[in-house]
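> Just dropping this structure here.
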Amino acid sequence: MISHRFPSPGGLPAGSGPSSLLIPALVSCFQACAISGLFSCITIHPLNIAAGVWMITNAFVLLLCEAPFCCPFIEFANTVAATVDRLRSWQKAVFYCGMAVVPVVISLTLTTLLGNAIAFATGVLYGLSALGKKGDAISYARIQQQKQQADEEKLAGTLEGEL
């Protein structure tokens with residue numbers, strides 16, 4: 001587990017931080033956003049430069065929030081990570097999706113779309129986790145059977161009332 005190799009964010013108990021499979025994905029999200037932001041800045045169009053700077057800022061904020069052990073030189077990294085860890089999943093989803101949409105609105109180019117796709121996908125995953133676990137097939141079948149029985153009873157009651 002990752003918590004044995006790195007300090008947990010914000011001094012949280014081991015195992016409460018992101019899973020070891022999620023860390024490389026988040027770091028690659030940072031890299032994609034930062035590199036795409038850098039390429040967006042290499043232009044003379046001011047909106048592309050603004051979108052590129054926003055993307056680089058998004059990359060830094062995402063890295064700071066999700067993988068503070070990558071920024072040991074920043075004193076407040078664990079504090080920011082602890083604050084983000086206290087947020088609910090839907091709040092993180094809105095935050096990450098909102099951060100990813102802004103550069104695309106500023107400058108709709110292929111670089112901004114591809115660079116923010118992973119950050120937006122991170123927000124979507126947080127949103128899906130906020131929806132919760134789907135129900136199992138047995139409880140769904142039981143609910144459907146109860147509905148069917150209630151419909152049959154209503155139908156039988158209306159037929160008896162007509163006779």
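> Considering only DSSP states other than H, G, I, E and B, which trypsin sites (Lys or Arg not before Pro) in segment 53-160 qualify as loop sites with at most 12 other Cβ atoms within 10 Å?
Loop-located and lightly packed - R86, R88, K133, K134.
> Related question: Between I42 and I74, how high is the FRET efficiency from 1/(1 + (r/R0)^6) when r is the Cβ-Cβ distance and R₀ = 35 Å? Nearest 0.05.
Efficiency, from the Cβ-Cβ distance: 0.85.
> Could you put I106, I143, I74, I42 in order of accessible surface area, largest first, with the 1.4 Å probe and the full protein assembly present?
I42, I143, I106, I74
> So what does L155 come to for accessible area, using a 1.4 Å probe and Å² rounded to 10?
100
> Separate question: Tell me, what % of the accessible area of segment 34-130 is carbon and sulfur with a 1.4 angstrom probe?
Accessible surface attributable to carbon and sulfur in segment 34-130 totals 76 percent.
> Rolling a 1.4 Å sphere over the protein heavy atoms, what is the accessible area per residue of segment 46-163, to the nearest Å²?
Heavy-atom SASA per residue in segment 46-163 reads 66 Å².
> Something else now. When only DSSP loop residues count, what GluC sites (Glu not before Pro) in segment 54-163 have their Cβ near at most 12 other Cβ atoms within 10 Å?
Listed in order of number, the matching sites are E75.
> Give, as a single signed number, the net charge of other residues whose beta carbon lies under 15 Å from the beta carbon of V61, with Lys and Arg counted +1 and Asp and Glu -1.
It works out to a net charge of -1.
> Just read off the accessible area of F60 with the full protein assembly in place, 1.4 Å probe, to the nearest 10 Å².
Looks like 80 Å² after rounding.
> Which shape class, rounded, prolate or oblate, goes with segment 22-154 when its Cα gyration tensor gives a ≥ b ≥ c as root eigenvalues, a/c under 1.5 marks rounded, and past that a/b bigger than b/c marks prolate?
It comes out prolate by the Cα gyration axes.
The values are calculated or read from the model by the stated rules, or taken from the named source; none is laboratory data. Just so we're clear, the structure is a prediction, and the values are computed from it rather than from any experiment. Virtual Cβ from ideal backbone geometry, glycine too; neighbours counted across all protein chains shown. Areas reflect the complete protein model, heavy atoms only, side chains present, ligands, DNA and RNA absent. Shrake-Rupley method; radii C 1.70, N 1.55, O 1.52, S 1.80 Å.
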